[in-house]
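First comes the structure, then the notes that go with it.
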Amino acid sequence: MQRRLYVLATVFTLVSGFMLAPLTSNKVTASDKPDLKPARLVARQEPHDITITSWGPTQEMIDKVKESLPKRPAVRAYLKGAQFRLISFELLDGAKVNGNIMPSDSYRAWFFDYTNNRAFIATGRFDSAEVIIEPTAVQPEPSEEEFQAAVEMLSKDAKAGAGLRSQNVTAYPPMPPLVNGSLAAGKVDRTIAVGLRYKDDSNSPEIVGVNMIRQSITRFANNAPPASTSAITACAPNSANQSTTPRGTAGSFNVVISRAGTQIWNFIVIRPSASSGTRASGIEVQNVNYLGKRVLTRGHVPILNVQYDRNLCGPYRDWNYQEDNFTAVGTDVAPGIRMCTSPPQTILESGTDSGNFRGVAVWDDRER
């Protein structure tokens, strides 16, 4: 079963006719281009003036920390030469000052140590080289890099390897993404679930387990682990195989909406990949003011339990940080935010799992 989290595609509309539209999925790719300078755009679309300004850590800051983390003394001492991978990088909440949530100034990075079959977290601040190391029993969801490493291992498999190399077999991330992923790290071998589709119909679709510790392949009765199913159409349309945005991508913006010189809305909008919470929280708004008065300090979806079709793999607590493509025509203000000239469309409107944009789309319907 392939994960499709279309519920987060639902648009967020303010009473001024201002729309924010994200879409999330389970596919992952490299982060968007670095946001090297604060971005600011004033869009004059009668009757509204919309000002959008970058807010919080830039992509350059995030990438610099991610690159340097494995070289930090605390991390190196903990790993002691082990084979490892940085799985996930997330921004932590900023301080709360005078009722306002401030920009994030710290981070949490999830690593997996394959040599010792253990997960650990590295926490620190952007303005400091100090890192705090903490072992964790939680297995983080696989990154695209880790999933591709599992597919590469599978390309040597006697049954599927030749097809993967010739592209007669396609691999996709199924749900759940890990075999025995609910069990504590170290109690079971970290095993990535990989879905396989055979184009020539010589074999039935299947989901296999790729053991990252023993570098071995596991096949299952009914062609899938007990918590999943290999029926491709059981959950969602086939993937368009477009890349998506992983956690730890910069994307926080201050949005100000005015009309005839009067400020109507002033708030922070955060794209799903930069949103807060253990498994993120979809599109998030903070410090929301209407006509100069605070109406909401934070609005988000920190927990999303999904009951899949016929309950074939779930209910499952999904993660809310990976952004899928949707259609948004307009001008990019900064990486991850686009001012649209027509209403954005997700799969709910277009009926297709494809598009030209990932992040937060802004559309002013010009209604008063």
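Which condition number in (1) surrounded by fewer than 18 Cβ atoms within 10 Å (Cβ to Cβ); (2) polar (S, T, N, Q); (3) assigned to a loop (DSSP other than H, G, I, E, B) is the one that residue 139 fails? Checking residue 139 against (1) surrounded by fewer than 18 Cβ atoms within 10 Å (Cβ to Cβ); (2) polar (S, T, N, Q); (3) assigned to a loop (DSSP other than H, G, I, E, B), the one that fails is (1). Scanning the stretch 186-215 for residues that are hydroxyl-bearing (Ser, Thr, Tyr) and open to solvent by 50 Å² or more (accessible area, probe 1.4 Å), we see that the one that is modelled with the highest pLDDT is 204.
Of all positions in the stretch 255-275, none carries a residue that is modelled with pLDDT under 85, among the small types (Gly, Ala, Ser) and out of contact with any Leu (no Cβ under 7 Å at 6 or more places or on another chain).
Check whether at least one residue in the stretch 336-350 is open to solvent by 70 Å² or more (accessible area, probe 1.4 Å), among the hydrophobic types (A, V, I, L, M, F, W, C), outside any loop (DSSP other than H, G, I, E, B) and modelled with pLDDT under 85, and report yes or no. Yes, the conditions are met somewhere in the stretch 336-350.
Of the residues that make up the stretch 98-109, is at least one out of contact with any Cys (no Cβ under 6 Å at 6 or more places or on another chain) and without any contact (Cβ under 8 Å) to a residue 12 or more places away in the chain? Taking every residue of the stretch 98-109 in turn, at least one turns out to be out of contact with any Cys (no Cβ under 6 Å at 6 or more places or on another chain) and without any contact (Cβ under 8 Å) to a residue 12 or more places away in the chain.
Given the criteria free of Cβ contacts under 8 Å to residues at least 24 places away in the same chain, of a type in the set (Asp, Glu), surrounded by fewer than 17 Cβ atoms within 10 Å (Cβ to Cβ) and not in a strand (DSSP E or B), does residue 134 qualify? Answer is no for this residue. Among the residues of the stretch 111-122, the one identified as out of contact with any Phe, Trp or Tyr (no Cβ under 8 Å at 6 or more places or on another chain) and open to solvent by 60 Å² or more (accessible area, probe 1.4 Å) is 116. Taking the conditions (1) in a loop (DSSP other than H, G, I, E, B); (2) open to solvent by 10 Å² or more (accessible area, probe 1.4 Å); (3) at pLDDT below 85 in turn, residue 313 satisfies each one other than (2).
Flag: residue 294 matches the condition of being modelled with pLDDT of 95 or more and open to solvent by 80 Å² or more (accessible area, probe 1.4 Å).
Name the single residue that is surrounded by the fewest Cβ atoms within 10 Å (Cβ to Cβ) among those in the stretch 242-267 being without any contact (Cβ under 8 Å) to a residue 40 or more places away in the chain and not aromatic (Phe, Trp, Tyr). Outline the logic, then answer.
Within the stretch 242-267, the first condition is being without any contact (Cβ under 8 Å) to a residue 40 or more places away in the chain, and the residues that meet it are 261-263, 266-267.
Subset that is not aromatic (Phe, Trp, Tyr): 261-263, 266.
Working: 261: 6, 262: 9, 263: 15, 266: 18.
The extreme case among them is 261.
Among the criteria (1) in a loop (DSSP other than H, G, I, E, B); (2) modelled with pLDDT of 90 or more, the one residue 238 does not fulfil is (2). Number of residues in the stretch 83-110 that are farther than 16 Å from residue 62 by Cα and surrounded by 14 or more Cβ atoms within 10 Å (Cβ to Cβ) equals 5. The requirement of being within 30 Å of residue 176 (Cα to Cα), open to solvent by less than 30 Å² (accessible area, probe 1.4 Å) and at pLDDT below 95 is fulfilled somewhere in the stretch 43-60, by at least one residue. Report yes if some residue within the stretch 143-159 is in a loop (DSSP other than H, G, I, E, B), at pLDDT 90 or above and touching a Phe, Trp or Tyr at 6+ places or on another chain (Cβ under 8 Å); otherwise report no. Looking through the stretch 143-159, none of the residues is in a loop (DSSP other than H, G, I, E, B), at pLDDT 90 or above and touching a Phe, Trp or Tyr at 6+ places or on another chain (Cβ under 8 Å).
Tell me, yes or no, whether the stretch 288-299 has at least one residue that is of a type in the set (S, T, N, Q) and in contact with a Phe, Trp or Tyr (Cβ under 9 Å, 6 or more places away or on another chain). Give the derivation first.
Initially, the stretch 288-299 is screened for residues of a type in the set (S, T, N, Q), giving 289, 297.
Then keep just the ones that are in contact with a Phe, Trp or Tyr (Cβ under 9 Å, 6 or more places away or on another chain); that gives 289.
Checking the stretch 288-299: at least one residue is of a type in the set (S, T, N, Q) and in contact with a Phe, Trp or Tyr (Cβ under 9 Å, 6 or more places away or on another chain).
Out of curiosity, is residue 279 outside any strand (DSSP E or B), touching a residue at least 12 places away in the same chain (Cβ under 8 Å) and either of a type outside the set (Val, Ile, Thr) or surrounded by fewer than 19 Cβ atoms within 10 Å (Cβ to Cβ) (or both)? So residue 279 passes the test.
The values are calculated or read from the model by the stated rules, or taken from the named source; none is laboratory data. All values derive from a computational prediction rather than experimental measurement. We place every Cβ from the backbone using ideal geometry, glycine too, and count neighbours over all the protein chains shown. Quick note on the areas: whole protein, heavy atoms, side chains included, nothing else; ligands and nucleic acids left out. Shrake-Rupley method; radii C 1.70, N 1.55, O 1.52, S 1.80 Å.
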